[in-house]
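Heads up, the thing below is written out as structure tokens.
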Amino acid sequence: MKVCIFCGARSGNSPATIALVEELCDLLIANNCELVYGGGRTGLMGAIADRFMDNGKDVIGVRPRKLIKEEAFHTGLSELYIVDTMHERKARMVELADCFIALPGGVGTLDEIVETFTLFKLGITTKPSGILNAEGYYAGLEMMLAQMEKSDFLKEEDRVKLIIEEDPTTLLQRLKILRS
């Protein structure tokens with residue numbers, strides 16, 4: 001199974017979050033998953049790629065040409081797709097992966113997971129999306145989704161299609177990567 005992980009090119013400032021990310025990666029590795037991600041060498045992006053590669057797993061990066069020039073990209077990947085736009089990047093990741101997981105990150109990470117959730121909600125893809133809500137990082141998004149539902153802009157049966165969990169094992173069980 002190819003799991004696409006969206007996350008930051010920065011590491012953040014929480015050792016507890018890093019530990020949860022490492023736990024998630026170790027569970028994916030133990031379940032023979034391959035990684036699809038943004039192709040970066042720094043921050044959480046670099047850390048997850050290194051963890052997979054250090055354990056002999058395939059790692060596929062998808063990087064916009066602009067970021068190749070401006071930011072560090074990982075040179076030890078199994079495959080690196082270079083695309084022209086962020087839109088093409090997301091489309092290629094959707095094509096390559098079987099499911100999507102967001103870790104803490106910036107607005108790019110938020111954009112990516114919201115798009116894959118929307119595609120799933122609309123039935124454009126059958127590939128589910130989940131969020132590792134490390135230390136409540138995505139509590140604001142949960143509140144926003146609840147407000148959308150309360151204001152009748154999002155149906156409850158659609159809201160729950162975005163799987164948000166604080167525990168890596170529970171998240172992967174709900175995404176059907178791990179068996180209960």
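Considering only residues that are crowded, with 16+ Cβ neighbours inside 10 Å, under 24 Å from residue 11 (Cβ atoms) and out of contact with any Phe, Trp or Tyr (no Cβ under 6 Å at 6 or more places or on another chain), which ones fall in segment 122-162?
Scanning segment 122-162 gives 130, 132, 133, 134, 137, 138, 141.
Which one is surrounded by the fewest Cβ atoms within 10 Å (Cβ to Cβ), of the residues in segment 98-121 that are aliphatic (A, V, I, L, M) and outside any loop (DSSP other than H, G, I, E, B)?
107
Taking the options 30, 16, name whichever one is among the aliphatic types (A, V, I, L, M), touching an Asp or Glu at 6+ places or on another chain (Cβ under 9 Å), surrounded by fewer than 17 Cβ atoms within 10 Å (Cβ to Cβ) and at pLDDT 95 or above.
Testing whether each residue is among the aliphatic types (A, V, I, L, M), touching an Asp or Glu at 6+ places or on another chain (Cβ under 9 Å), surrounded by fewer than 17 Cβ atoms within 10 Å (Cβ to Cβ) and at pLDDT 95 or above leaves just 16.
Determine, yes or no, whether residue 127 is of a type in the set (D, E, K, R), outside any helix (DSSP H, G or I) and under 16 Å from the mean Cα position of the chain (by Cα).
Answer is yes for this residue.
Can you confirm whether residue 75 is among the β-branched types (Val, Ile, Thr), outside any strand (DSSP E or B) and exposed (fewer than 15 other Cβ atoms within 10 Å of the Cβ)?
Yes.
What pairs can you find where one residue is in segment 1-27 and at negative phi and free of Cβ contacts under 8 Å to residues at least 40 places away in the same chain, the other is charged (D, E, K, R) and surrounded by 15 or more Cβ atoms within 10 Å (Cβ to Cβ), and their Cβ atoms are less than 8 Å apart, with a gap of 6+ or different chains?
22/51; 25/51; 26/51
The values are calculated or read from the model by the stated rules, or taken from the named source; none is laboratory data. These numbers come from a predicted model, not from an experiment. Cβ atoms come from the backbone with ideal geometry, glycine included; neighbour counts cover every protein chain shown.
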